[in-house]
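Asks: Encoded as structure tokens, here's the structure I'll be asking about.
The values are calculated or read from the model by the stated rules, or taken from the named source; none is laboratory data. No experiment lies behind these values; they were computed from the predicted model shown. Cβ atoms come from the backbone with ideal geometry, glycine included; neighbour counts cover every protein chain shown.
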Amino acid sequence: MKLSILLRLFLGLGLAIFIFASALRASLDEILAPLPVAEASLASSAKMQPVRSVSKIQSLLDTAPPVEETYEVDSILVSDVHDAITSELAAHLRIAGDLTLVALRDLPDLSAYSQPFVVRLNNAPANLSRGNVLLRFQVENEKGVLGEWNVPFRAHIFSEVWYPRSQLRRGELATPSDFESRPVDLLAEPAAVPANLESLLRHEYSRDIVPGKPLKWTDLIERSLVRKGDVVEVSAVTGLLAITMRAIARQDGSDGDLILLRNIDSAKEFSARVIGENRVEVIF
């Protein structure tokens with residue numbers, strides 16, 4: 001009888017333990033089970049949201065327009081002072097071309113003062129060369145002199161000059177069709193020939209010229225109106241009497257040059273001044 005009771009108690013205790021273990025395992029499985037896809041996405045979204053917010057704020061800051069300072073309508077701006085200095089120097093030097101000045105130090109802030117105003121250069125140079133120039137200037141308005149400053153500038157003078165289109169031969173007559181115009185800094189290329197018709201008029205090439213470089217004054221010589229070996233017309237003038245004859249040029253000559261010639265009949269040599277195309281004049 002006692003054995004039967006003990007056996008029942010033992011079986012009941014085992015069943016209880018089995019039920020408790022099953023329940024515990026079910027709870028652990030639920031806890032350790034992976035999250036559903038929807039919940040995982042929600043959790044990921046929740047974690048990434050602050051990062052997206054910061055990125056969006058930074059993007060807004062990057063694309064926001066800069067805060068501009070406001071001035072009175074008649075304020076003297078830095079750009080006004082710069083333009084006035086440039087105009088004064090260009091007028092002083094009578095520069096042919098576009099003068100550009102790059103300030104190497106901050107110009108004075110005179111925005112608290114009103115226009116009109118004038119800039120006076122106190123040490124304007126006699127000419128400009130490649131490199132920097134130190135300008136001392138003062139600014140005045142209706143209240144008087146607002147101050148004097150020394151500021152270094154880098155100067156450039158831009159102008160259109162001739163560039164050969166192809167190779168040119170020595171002795172050929174200079175013509176605009178041989179060239180195209182390009183802007184250059186004349187302080188970097190001081191010998192470049194300005195792109196105008198007058199610069200080529202009555203000129204020829206003094207040497208062979210290759211493309212890719214600006215035409216220089218040393219590439220040109222005044223056109224020879226008389227060439228060595230040409231038969232020229234000679235006018236001999238004495239008082240009211242003028243005699244015309246023909247002679248052979250012994251030298252090339254441009255307008256106004258004094259050249260040597262030889263009389264065709266007597267072979268005697270004499271000098272005469274070039275006055276035109278194959279024309280010379282002797283004055284007694």
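Asks: Taking interchain pairs and intrachain pairs at least six residues apart, which have beta carbon atoms under 7 angstrom, with the first residue in segment 249-276 and touching a residue at least 40 places away in the same chain (Cβ under 8 Å) and the second of a type in the set (S, T, N, Q) and crowded, with 16+ Cβ neighbours inside 10 Å?
Replies: Ser254/Ser224; Val274/Ser254
Asks: Could you tell me which residue of segment 223-242 is surrounded by the fewest Cβ atoms within 10 Å (Cβ to Cβ), considering only residues that are part of a strand (DSSP E or B) and modelled with pLDDT of 85 or more?
Replies: Start the filter on segment 223-242 by keeping residues that are part of a strand (DSSP E or B), which leaves 226, 231-238, 241-242.
Now drop any that are not modelled with pLDDT of 85 or more, which leaves 226, 231-236.
Working: Val226: 25, Val231: 11, Val232: 22, Glu233: 15, Val234: 19, Ser235: 15, Ala236: 16.
Step by step, filter segment 223-242, then rank; the result is Val231.
Asks: Given the conditions (1) at pLDDT 85 or above; (2) surrounded by fewer than 14 Cβ atoms within 10 Å (Cβ to Cβ), and given that Glu69 satisfies all but one, which numbered condition is not satisfied?
Replies: Tallying (1) at pLDDT 85 or above; (2) surrounded by fewer than 14 Cβ atoms within 10 Å (Cβ to Cβ), Glu69 fails exactly one: (1).
Asks: Another question, if that's okay. Only one of Val139, Val133 is at pLDDT 95 or above, touching a strand residue (DSSP E or B) at 6+ places or on another chain (Cβ under 7 Å) and either hydroxyl-bearing (Ser, Thr, Tyr) or assigned to a strand (DSSP E or B) (or both). Can you tell me which?
Replies: The conditions single out Val139.
Asks: Right, next: Tally the residues that are within 30 Å of Val184 (Cα to Cα) and either touching a helix residue (DSSP H, G or I) at 6+ places or on another chain (Cβ under 9 Å) or outside the structural domain of Glu140 (by TED's automatic domain parsing) (or both), restricting the search to segment 100-120.
Replies: Here the count works out to 7.
Asks: Is it the case that segment 192-205 has a residue that's out of contact with any Ser or Thr (no Cβ under 9 Å at 6 or more places or on another chain) and over 28 Å from Leu93 (Cβ atoms)?
Replies: yes
Asks: Follow-up question, since we're still on this one. Would you please name the residue that is surrounded by the most Cβ atoms within 10 Å (Cβ to Cβ), looking only at residues in segment 246-269 that are among the basic types (Lys, Arg) and under 14 Å from Val231 (Cα atoms)? Let's see the steps before the verdict.
Replies: We begin by selecting, within segment 246-269, every residue among the basic types (Lys, Arg); these are 246, 250, 262, 268.
With under 14 Å from Val231 (Cα atoms) added as a condition, the list becomes 246, 250, 262.
Details: Arg246: 13, Arg250: 16, Arg262: 13.
Here the answer is Arg250.
Asks: Using beta carbons and a limit of 8 Å, which pairs, at least six apart or on different chains, have the first residue in segment 198-218 and assigned to a loop (DSSP other than H, G, I, E, B) and the second one surrounded by 14 or more Cβ atoms within 10 Å (Cβ to Cβ) and acidic (Asp, Glu)?
Replies: Arg202/Glu222; Arg202/Asp255; Ser206/Asp219; Arg207/Asp219; Pro214/Glu189
Asks: Does Ser166 fit the bill of being in contact (Cβ under 8 Å) with a residue 40 or more places away in the chain and in a loop (DSSP other than H, G, I, E, B)?
Replies: Taking the combined requirement at face value, the residue satisfies it.
Asks: Next question, about the same structure. Considering only segment 175-201, state which residues are among the small types (Gly, Ala, Ser) and in contact with a helix residue (DSSP H, G or I) (Cβ under 6 Å, 6 or more places away or on another chain).
Replies: Ala191
Asks: For residues in segment 203-222 being surrounded by fewer than 19 Cβ atoms within 10 Å (Cβ to Cβ) and hydroxyl-bearing (Ser, Thr, Tyr), which is nearest to Phe270 (Cα to Cα)?
Replies: Ser206
Asks: To continue, here is another question. Pull up segment 168-200, narrow it to residues that are hydroxyl-bearing (Ser, Thr, Tyr) and closer than 18 Å to Glu222 by Cβ, then point me to the one that is farthest from the chain's Cα centre (by Cα). Step through it out loud before you land on a result.
Replies: Quick first cut of segment 168-200, residues hydroxyl-bearing (Ser, Thr, Tyr) only: 175, 177, 181, 199.
Cutting the leftovers down to closer than 18 Å to Glu222 by Cβ gives us 175, 199.
On the way: Thr175: 28, Ser199: 25 Å.
Out of the qualifying residues, it is Thr175.
Asks: Something else: Is it true that some residue in segment 154-162 is surrounded by 14 or more Cβ atoms within 10 Å (Cβ to Cβ), within 30 Å of Ala112 (Cβ to Cβ) and under 26 Å from the mean Cα position of the chain (by Cα)? Break it down stepwise before answering.
Replies: Narrowing segment 154-162 to residues surrounded by 14 or more Cβ atoms within 10 Å (Cβ to Cβ): 154-162.
Remaining after also requiring within 30 Å of Ala112 (Cβ to Cβ): 154-155.
Narrowing further to those that are under 26 Å from the mean Cα position of the chain (by Cα): 154-155.
Yes, there is a match, as at least one residue in segment 154-162 is surrounded by 14 or more Cβ atoms within 10 Å (Cβ to Cβ), within 30 Å of Ala112 (Cβ to Cβ) and under 26 Å from the mean Cα position of the chain (by Cα).
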